[in-house]
Amino acid sequence: MVSNHLIGIGNLSTLCEDYCVSCCVGRRENVVVGMTPVAASCAHHCSLPPPRRAGDHRRAALGPPADDDLGAGIRCLGRGRQGLASALVDPHQSLTAKDRASRWIIGRAFMPITSDVRKRWRRTRRNGTGLRLVTAVLAIGTLVTGAAFTVVRQGEDRYAAQLMDRYAADLAAAVSDRASDYSATVRYLAAAVGAQSELRSEDYARITAGLDPAELPGVASASFVVPVATPRIAAVQATWRSRGAAGLTLRASPSRSQHAFVIYERPLDGLATIPGTDVMQSPAVEQTLDRAWIGHKLMVSSAYHLIRDQTLPDRQRQASIAFAEPIYTPQGPALPDRFVGWVVMPVRGQDFLAETLRQRGQGAVQATVAETTGDRTIITSTRSGRRLADDSLARHRTLFVGQRRWELTLWPTTSLRAATDRGTSLFTLGAGAALTLVLGVMTGVLAGSRGRALQQVEHATAALRRDIDRRERVEGQLRESEQQLRHLAFHDPLTGLANRALFYDRLTQALAARALIDRPIAVLFIDLDGFKQVNDQLGHQAGDHVLRAVAERLRVGLRNSDTVARLGGDEFAVILDDLTDTEARRAAERIIIVIQEPVEVDGMGAQVSASIGIALGHPDVTADHLVREADAAMYFAKLSGKNQYAEADPSPEPTSSI
């Protein structure tokens, strides 16, 4: 029991403005009055009602305890737990001076301890909240800084990728243009040679005199090559010697039956000429000549080493290609052109494209042009700048030159990286880190004064939320009630269809719209035939079931844009908007068919039919007048035999039964 009272003392305390007579006396002080027994004790001995909250005692100014009472209280505490328990027992018993002194000493001894513990706990909680806020700010700042750095770095990477794409497109166009220029030159030479009826040495010199080595870098020569079979070598040699090729000696490759000899040659590289050489000794040239002859068009060979370069050291020999165009001489309008030979222009690959790639690449990229077949021989390459180890920026483009496929490959260099200004991302990272630290410090400074304001905001927010929830519930209930009332006001409670008020409202709107845009409108007035017999024979519940079934058939059988209403009893009405008179008749026929189908009621079939009056909208007609016209037409249909429809006009005639 003693421990229970001590727990209460440690947990519950308040400020007692004035000590009561039976609990304690003395100056204003923090004392233990939180426990219900103690509060009840104050009320019992002071003849006051129990306090409702801390500090709700009436003032009772008394002096300090007497010395004898204080000493008695100390001696009481000295007797151990039993003595302490006797000071905290049932408050309704009479308290002696010793008990009053003991309680006063307990309040003076334990109250500062509990107050310090509570303050320390609150301070720790506030500090923990502030630390969490600072941690959150630092974490969010770090994430935002990292995200900003990533975005800026990605922007730089995208810019670098765009630069690489631009360089790739520019260099691919440059290579294609250079190859096209060389192809055009070879075609010109072939056309000029083919135009000669008897090509002589001086003719070929005149045709090739315009070739400028400065405009055709990499070109070794421009050669006129003719095909010769082995038995005809001597005859062909004599023929071309007679045409100005003095000293021509055709040197056939061994073990071959067909040859292709250089007859005339215009050197462009400053090296010695090779007339009489059999170019078929190079497989790449042989294949190119055959393809050009068969395809009747210019061909480009695969990479090979020029015959004239075979005497050079390996490191000086370049991968080369050859442009070959077949030559045809006309023989008259009735005969096909005669094949004469080829114009062959061998080109050293490095000299052919290296300078173009360097100029267009501007040192920002390294480029390589290679074949896509075989051992992927590199035709030309540039090594300007220092390559970056970033394969994602490498670009590959496929080029088609003379029916061959080349691959242009580009790699970025340090010059390209400098052009993308990557310092921006590093600046973003540094600025974000500095801003995050500043925000963290500011948050730590402001976190100390945050607790009380946050608590007040939470209380106010909770009260506001409760009020908002209550208002939302009330508004929801009001909206539901309003919707229910509106539905009841404009719909038939039995069938759920529109009632007379809603029907007239929609009809008035439809007539107003018709007056503006002149679109057709029709009203069907429907009355059920035989419904009274159903009510009389099967009862009103069966009649209600039939009405609901008819309403559902009307709702399903018509368009969503049509208005179906029950005007009362067994009368229905339909607004057919934007329908011609023919379409209105068809709708009436469908309604008559679906309504006359039996309705099952308690295992029995109840059958009704429909008499329908059709009234078409016309200028200056009102809703009431149009309904009366349809009603009159319906009565005419009933008088004419029922289960049919009639149209409203000055002299309506009944239609045939459905």
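The values are calculated or read from the model by the stated rules, or taken from the named source; none is laboratory data. None of these values were measured; they are calculated from a predicted model. Neighbour counts run over all protein chains shown; Cβ positions are idealised from the backbone, glycine included. Accessible surface is based on the protein model in full, side chains and every heavy atom, while ligands, DNA and RNA are left aside. Shrake-Rupley method; radii C 1.70, N 1.55, O 1.52, S 1.80 Å.
Looking only at the range 637-654, decide whether some residue is on the phi > 0 side of the Ramachandran plot and either of a type in the set (S, T, N, Q) or within 52 Å of the chain's Cα centre (by Cα) (or both).
Our first condition is that a residue be on the phi > 0 side of the Ramachandran plot; within the range 637-654, this holds for 641-643.
Pick out the ones that are also either of a type in the set (S, T, N, Q) or within 52 Å of the chain's Cα centre (by Cα) (or both) and you get 643.
Yes, the range 637-654 contains at least one residue that is on the phi > 0 side of the Ramachandran plot and either of a type in the set (S, T, N, Q) or within 52 Å of the chain's Cα centre (by Cα) (or both).
Got a sec? Which of Thr356, Thr409, Thr436 is open to solvent by less than 40 Å² (accessible area, probe 1.4 Å), among the polar types (S, T, N, Q), at pLDDT 85 or above and closer than 28 Å to Thr145 by Cα? Can you show your working first?
Numbers: Thr356 fails: closer than 28 Å to Thr145 by Cα; Thr409 fails: closer than 28 Å to Thr145 by Cα.
The conditions single out Thr436.
Condition test on Arg479, is it under 19 Å from Val134 (Cα atoms), charged (D, E, K, R) and over 36 Å from the mean Cα position of the chain (by Cα)? Explain how you work it out, then say what you get.
Details: under 19 Å from Val134 (Cα atoms): no; charged (D, E, K, R): yes; over 36 Å from the mean Cα position of the chain (by Cα): yes.
For Arg479, the condition - under 19 Å from Val134 (Cα atoms), charged (D, E, K, R) and over 36 Å from the mean Cα position of the chain (by Cα) - is not met.
Can you tell me which of (1) open to solvent by 20 Å² or more (accessible area, probe 1.4 Å); (2) farther than 23 Å from Glu286 by Cβ; (3) among the hydroxyl-bearing types (Ser, Thr, Tyr) is the one Ser425 doesn't meet?
Unmet for Ser425, out of (1) open to solvent by 20 Å² or more (accessible area, probe 1.4 Å); (2) farther than 23 Å from Glu286 by Cβ; (3) among the hydroxyl-bearing types (Ser, Thr, Tyr): (1).
Give the number of residues within the range 583-616 that are at pLDDT below 90 and among the β-branched types (Val, Ile, Thr).
Qualifying residue count, the range 583-616: 1.
I'd like the residue in the range 550-561 that is under 22 Å from Asp529 (Cβ atoms) and within 46 Å of the chain's Cα centre (by Cα) and, out of all such residues, is surrounded by the fewest Cβ atoms within 10 Å (Cβ to Cβ). Please lay out each step first, then the result.
Filtering the range 550-561 down to residues under 22 Å from Asp529 (Cβ atoms) leaves 550-558.
Adding the requirement that they be within 46 Å of the chain's Cα centre (by Cα) leaves 552-558.
On the way: Glu552: 15, Arg553: 18, Leu554: 23, Arg555: 14, Val556: 9, Gly557: 16, Leu558: 18.
Selected residue: Val556.
Of the residues Ala220, Ala209, which is of a type in the set (Gly, Ala, Ser) and over 19 Å from Phe352 (Cβ atoms)? Lay out the reasoning, then the answer.
Numbers: Ala220 fails: over 19 Å from Phe352 (Cβ atoms).
Being of a type in the set (Gly, Ala, Ser) and over 19 Å from Phe352 (Cβ atoms) holds for just one of Ala220, Ala209, which is Ala209.
So, in the range 163-198, exactly how many residues are outside the structural domain of Ala222 (by the TED database), open to solvent by 60 Å² or more (accessible area, probe 1.4 Å) and touching a Ser or Thr at 6+ places or on another chain (Cβ under 8 Å)?
Qualifying residue count for the region: 0.
Could you figure out which of (1) in contact with a Ser or Thr (Cβ under 7 Å, 6 or more places away or on another chain); (2) at pLDDT below 90 isn't true of Ala513?
(1)
Collect the residues in the range 395-425 that are part of a helix (DSSP H, G or I) and free of Cβ contacts under 8 Å to residues at least 40 places away in the same chain, keeping them in residue-number order.
Here is the first cut: in the range 395-425, the residues part of a helix (DSSP H, G or I) are 414-419, 423-425.
If the condition is that a residue be part of a helix (DSSP H, G or I) and free of Cβ contacts under 8 Å to residues at least 40 places away in the same chain, then Thr414, Ala418, Gly423 are the ones that fit.
Name the pairs whose Cβ atoms lie under 6 Å apart, with the first residue in the range 277-293 and in the same structural domain as Val262 (by the TED database) and farther than 18 Å from Ile233 by Cα, the second outside any helix (DSSP H, G or I) and not small (Gly, Ala, Ser), and 6 or more positions between them or separate chains?
Ser282/Tyr304; Ala284/Tyr304; Thr288/Met299; Leu289/Trp342; Arg291/Met299; Ala292/Met299; Ala292/Pro326; Trp293/Pro326
What number of residues within the range 495-519 are of a type outside the set (Val, Ile, Thr), open to solvent by less than 50 Å² (accessible area, probe 1.4 Å) and not in a helix (DSSP H, G or I)? Before the answer, list the steps.
The first filter runs over the range 495-519 and keeps only residues of a type outside the set (Val, Ile, Thr), leaving 496-507, 509-516, 518-519.
If we keep only those that are open to solvent by less than 50 Å² (accessible area, probe 1.4 Å) too, we end up with 496-499, 502-503, 507, 510-511, 513-514.
Within this subset, residues satisfying the condition of being not in a helix (DSSP H, G or I) are 496-499.
Result for the range 495-519: 4.
Considering Tyr635, Tyr645, which residue is at pLDDT 90 or above, open to solvent by 20 Å² or more (accessible area, probe 1.4 Å) and among the hydroxyl-bearing types (Ser, Thr, Tyr)? Break it down stepwise before answering.
Working: Tyr645 fails: open to solvent by 20 Å² or more (accessible area, probe 1.4 Å).
Within the list Tyr635, Tyr645, the selection yields Tyr635.
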